[in-house]
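Data first, discussion second: the structure below is written as C-alpha cells.
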Amino acid sequence: MRVEFEVLGPVTARDADSGRPIALKGPRHRAVLARLIAARRRVVPVPHLVADLWEDDAPPAGAVPSLRTFVAALRRALEPDRPPRTPARLLITEGPGYALRPGPDTVDAWRFETALTDATTPAALDAALALWHGPAYADFPDASWARTERSRLGELRLQAVERRARLLLDRGRAAEAVPDLAVHAAEHPWREDGWRLLALALYRTGRQGDALAVLRRARALLVEQLGVDPGPALRRLEADILAQAGHLEGAAGGVEQVWERTAAAYDRAVGGGSRVRLESTVGLLRELAVTGGGGLEAARDQRTAAVAAAEELGDPELTARVIGAYDVPALWTRVDDPEHAARVVASAERTLGALPSDAHPAARGRLLATVAVESRGTRSARGPRAAGEAVRLARELGDAPLLAFALNGLFMQSCRGSGLAGRREEIGAELVTLGERHALPSYEILGRLIRLQARCARGDFAGADTQAAAAERLAERHGRPLVGVFTQWYGALKLAETGPVPQAEAAYRAAADGLPDTGMPGLAAGLLPLALLGLRMRHGLPPEPDPDPEAAADGAAYRAADWGPYAPWARPLLLLARNRRAEAAAALRTLPAPPYDLLYEAMWCLTARAAALLGDRETLRRARAELAPAAGGLAGAGSGLLTLGPVADYL
C-alpha cells in the first residue's frame, strides 16, 4: 500500500491507490505522525517526542511505553500488509528515536514546495495552491513544535498567491487576479505588496477610482494600526495612477491586444496548414466546452465537423489526435445528443481499425476512452471493455492526462447495476489525486463531484458537503461555471432528505431554473418532474396528477413532454393517480429495462412502487433482485441531484 500524507490543513493519511483515509485512532497517534512529518525525514529522539506530546502537562510516569504503543499502532495502520517481525519501511526506529521516511511526492507540503520551485504559469500555481485545505498542521494550532513549520509554509503560500497575481498581470489577465487579491489583502493587511498588486490589477481593468481607494485604505490601516507610512512602492504607484502613467498598462496592453497579436502571428505561421489548424481547433473547442451554455453546444456541434474533416484527409493518426484531444470531463451519464455521440463512436472505432501497428499506444488509449465516454448510458458491452483497456494502457504508459480521461470513461460505464457507488467513489478519489499531483484541475473537479455523488448515495451529507465546497473553490479559481449547477442541485437533494417539503420543492424549482442555459439537455430533460415526484414519494404523498400523460395541453402540472426520458417509468404511477388501473398495468408490462445511468436505481424504485400498487408479483421479484445490492443507500441520490428515499423502503 502506498501512503500519502496531508498537513496543509488537518493532518491525515490515506491509501493512495483507493483514496480512502487511514484511521489514525486517537489525537496522540495523530500528534506523533504530525511531529515526525514536521521533522522532514529526520530522527526525533524519544525524549523530545515525549516532551512535545505532553508539552502542556508533565509527562506521565508511563509516557515512554505509551509513546511506543502509539508508534506500534501507527505502523500497523500505515503498513497493514507488513509481515510480522519484519522491519518497518515507513515509520522506522533509528538511533535514539523515530523517523518517518515517506517518498518526496507523498507529503502535500513537500509537493507544494516542489511545485513552487517549478511553477512558471498561473495554472501551475493554481495547482500548487489547491493542495491547501486549511492552515498547515491545523489540528495543532498551539503546539510549539508545529509553530515554526506552520509559519514557514504559510509564508510560502502567501508568496505563491502574490506570485500568481504577478504572472496574471504580466499576461494581461488583470481581471482574473482581482478576486483573490482582494481576499488576500483583507486577510493580510500588513503585506504591502498585496495592496500594490490589487491596486494595479484594478487600474488595468479600468477601475481607477477603486485602485486609489485601495491604496488609501492601505495607508489608513498602516498609519492608524502601526503608526507607519506606506513604503515607497505604494507611494510611487499612487502617484503613477494619479498621473495615469503609461507604463501602468503593462507590456501586453490588455487581453484583447494579446489575443489579436497572437491570432495574427498564428495566421502568419500556419497559413493554410489544415492539419495543424484541425488539431488547434479541437484544443480551442475543449476550452470552449467547459464554459457551459452556448459554448458547450457550439463545441459539440463543431467537434463533429472537425472529426469529419480529419477523416477526409485519410490520416488515421491525425484523426486519432483530433478525436482524442477532446477530453472534456463528463459527469452526467446520459449523453446530450445521442446522434452526435453515435457518430463520434463510429469514427473512433473506424480509426482504431485503421491505426498503423507502430502508432503510439496513447493514440489508441484516447480513442478507447472516447468510445467509453460517448457510449455511456447504453447497454452495449463495448463501452466497459473500451474503458478497461484504456485504463490499462494509461497505467502502463504512466500517462497521467490519458489515465484521467480513461478513468472518466470507466466512471461512465460504472452504472451497470445498483449499489455501485463505492466503486465510483474509488474512481473519484483517484481522479482527485491525479488532478492534484499533475495540475489537472478539470479532472480534480470531476473527481470531487463524483465523490459528492457517491457520498449522497450513502446519505453521508457531511462528506458530500466537503466535496461540494472543494469543487466550488476549484471552479471559482479555474472558471468552471457548470460546477455550480451540480452543487445547487445537491443542495436541493440534501434539503429533500432533511428539510420540509415546501422548502425542498422551492429549492428544486430554483435549481431547475438554470438548466435551460447549461447546454446539457441530457441533464435537463425531465429532471424537475422526476425530482418533485421523488420528493412526494419520499414523504408518503401521492404523485402529482396528470389528466393525460400522453398529450395534455391544458396546463396540467406535468405533461408527457415534461418527463423527457423518464416518462415510461413515471407513466404507471401517474395513471394510477387518475384511477386508470388497466392502462397503468399495461404500461407497467411494457416497461423497458432502465438505461445504465446514475438514475438506474431510481427507475427500478418507480417500477417497484407501481408494481406494489398493482399487485404485480413477477415485476416485484425482478425489482427486488435489481435493488438488493443498494439496500443501504438512498434511491437516486447517487446522481447527486435528487432522492426517492431509502432503497430499503422499496425492498
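Inspect region 623-640 for any residue being open to solvent by 40 Å² or more (accessible area, probe 1.4 Å), without any contact (Cβ under 8 Å) to a residue 40 or more places away in the chain, part of a helix (DSSP H, G or I) and out of contact with any Leu (no Cβ under 8 Å at 6 or more places or on another chain) and give the result as yes or no.
Yes, that holds for at least one residue.
If you go through region 141-166, how many residues are hydrophobic (A, V, I, L, M, F, W, C) and without any contact (Cβ under 8 Å) to a residue 60 or more places away in the chain?
5
Out of Arg437, Arg416, I need the residue that is of a type outside the set (Phe, Trp, Tyr), outside any helix (DSSP H, G or I), touching a residue at least 40 places away in the same chain (Cβ under 8 Å) and open to solvent by 30 Å² or more (accessible area, probe 1.4 Å). Which one?
After ruling out the rest, the residue left standing is Arg416.
Can you tell which of Leu100, Leu168 is of a type in the set (A, V, I, L, M), more than 29 Å from the chain's Cα centre (by Cα), surrounded by 20 or more Cβ atoms within 10 Å (Cβ to Cβ) and within 23 Å of Glu436 (Cβ to Cβ)?
Leu100
If you scan region 80-118, which residues turn out to be at pLDDT 90 or above and over 30 Å from Pro65 (Cβ atoms)?
Matches in region 80-118: Asp108, Ala109, Trp110, Arg111, Phe112, Glu113.
Looking at (1) crowded, with 17+ Cβ neighbours inside 10 Å; (2) part of a loop (DSSP other than H, G, I, E, B), can you tell me which one Leu588 breaks?
(2)
Under the condition of being part of a helix (DSSP H, G or I), among the aliphatic types (A, V, I, L, M) and in contact (Cβ under 8 Å) with a residue 12 or more places away in the chain, which residue from region 440-465 is surrounded by the fewest Cβ atoms within 10 Å (Cβ to Cβ)?
Ala464
Among the residues of region 218-239, are any part of a helix (DSSP H, G or I), small (Gly, Ala, Ser) and buried (at least 17 other Cβ atoms within 10 Å of the Cβ)?
yes
Would you point out which residue out of Arg571, Arg578 is within 12 Å of Leu533 (Cα to Cα) and among the charged types (D, E, K, R)?
Step by step, each of Arg571, Arg578 is checked, and only Arg571 is within 12 Å of Leu533 (Cα to Cα) and among the charged types (D, E, K, R).
Would you please name the residue that is modelled with the highest pLDDT, looking only at residues in region 553-584 that are among the hydrophobic types (A, V, I, L, M, F, W, C), surrounded by fewer than 20 Cβ atoms within 10 Å (Cβ to Cβ) and closer than 23 Å to Asp616 by Cβ?
It comes out as Ala582.
Which of (1) free of Cβ contacts under 8 Å to residues at least 40 places away in the same chain; (2) assigned to a loop (DSSP other than H, G, I, E, B) is the odd one out, the single condition Ala138 does not satisfy?
Ala138 satisfies every listed condition except (1).
Would you confirm whether or not region 469-476 contains a residue that is open to solvent by 10 Å² or more (accessible area, probe 1.4 Å), in contact (Cβ under 8 Å) with a residue 60 or more places away in the chain and in contact with a strand residue (DSSP E or B) (Cβ under 9 Å, 6 or more places away or on another chain)?
no
The values are calculated or read from the model by the stated rules, or taken from the named source; none is laboratory data. Note that the structure is a prediction, hence the values are computed from the model and not measured. As a convention, Cβ positions derive from the backbone with ideal geometry for all residues, glycine included, and neighbour counts pool all protein chains shown. Ligands, DNA and RNA are excluded from the accessible area calculation, which covers all protein heavy atoms including side chains. Shrake-Rupley method; radii C 1.70, N 1.55, O 1.52, S 1.80 Å.
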